[in-house]
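Novice: Below are the structure tokens for one structure; questions will follow.
Quick note: the coordinates plus some simple rules give every number you see, no bench work behind them. This one's a predicted model, so the numbers in the text were calculated from it and none came from an experiment. Positions of Cβ are generated from backbone atoms using ideal geometry, with glycine treated the same way; all protein chains shown enter the neighbour counts.
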Amino acid sequence: MGTDAVGKTRILVWDAPTRVFHWLLALSFAGAYATSESDRLMGVHLTLGYTMVGLVAFRLIWGVIGTRHARFASFVRGPVAVARYASEMLSFKPKTSVGHNPLGALSIVLMLLSTLAIVYTGWVYFNGGSHSVKEIHEAAAGFMLVVVGVHVAGVIYASLTQGENLIGAMWSGYKQGLTKDKIRWSWWPLALLLMCCVLGFWYLQWQNPVMSTQRGSAYAHDGHGDHQSGNRVQHSWRSGDDD
Ligand code: HEM
Ligand code: HEM
């Protein structure tokens, strides 16, 4: 593998749990959004919402004890650093960062916090909350959708201006950098454990969906959902009947 004039080479930057977390969060967000308007798919909506909060809980812990570029202390910056980076970006000369850049870090914090707000308000509404809670839930989801849009646009823009494929890096874990900045382990066993927890949770939800609980039945009877018993709701979102 080649080393360039400034001594940069291909180094491991993102550990496997961070990458697995990222792509599962993106998938769950897209799925939860896509199923948000369907009564029939409300079970999938709830399952993916709870998956997101579990993933964020994992990430909050990993942000403290994880590998160096995954730690919040290494990338969360104050408003001055964020503003400086934004102006560098506008002049098409952003400084490259080994880990997350300051603006990217801001979008990451916003996405993590929005997830918590969305899931909390969704849960309150599902358990008998008022119409205004539903509106806050929708607004928080809409806000996160905007942040995700800016996040993806920012990643593409930074990739083009830096001349490095950051999306590929979030997949493979590798970026161009100095050997001193690399992480030593990819932590695959932990990433596999995280994947197993998510798949296990999806399997359990498939067997006994949250919509089939007493609360789910109450929700379905309460003028929302299918207006059917919880078991019927369970049946309907699993079997694909469109009511
Ligand atoms: C759809 C919902 C998405 C959400 C909620 C999301 C969320 C996040 C989060 C939380 C991080 C921080 C990773 C960490 O350190 O834990 C991140 C980083 C990243 N995401 Fe996403 N993401 C989404 C979609 C995407 C998509 C579609 C792409 C590719 C086009 C993408 C590319 C990246 C890249 C490249 C990074 C690393 C940025 C850097 O180098 O600083 N993300 N994303
Ligand atoms: C476990 C967590 C969640 C719970 C308990 C939950 C619950 C609900 C409930 C009960 C509704 C109302 C459906 C109706 O009666 O019309 C709803 C709607 C909605 N949810 Fe969630 N949700 C959760 C997670 C999420 C997530 C993660 C997102 C974003 C990706 C999201 C986005 C939405 C949106 C946009 C609507 C409004 C759909 C419409 O236009 O009617 N929810 N959610």
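Novice: Placing +1 on the Cβ of each Lys and Arg and -1 on the Cβ of each Asp and Glu in region 135-192, which of Gln162, Val150, Thr179 has its Cα farthest towards the positive end of the resulting dipole?
Specialist: Thr179
Novice: Quick one: which of 193-202, 11-20, 104-113 comes out on top by average Cβ neighbours within 10 Å, and what's the full order, highest first?
Specialist: Ranking the peptides 193-202, 11-20, 104-113 by packing returns 11-20, 104-113, 193-202.
Novice: So, with +1 on the Cβ of K and R and -1 on the Cβ of D and E, and no other charges, what is the size of the charge dipole of region 9-234 about its Cα centre, to the nearest 20 debye?
Specialist: So the dipole magnitude of region 9-234 works out to roughly 1020 debye.
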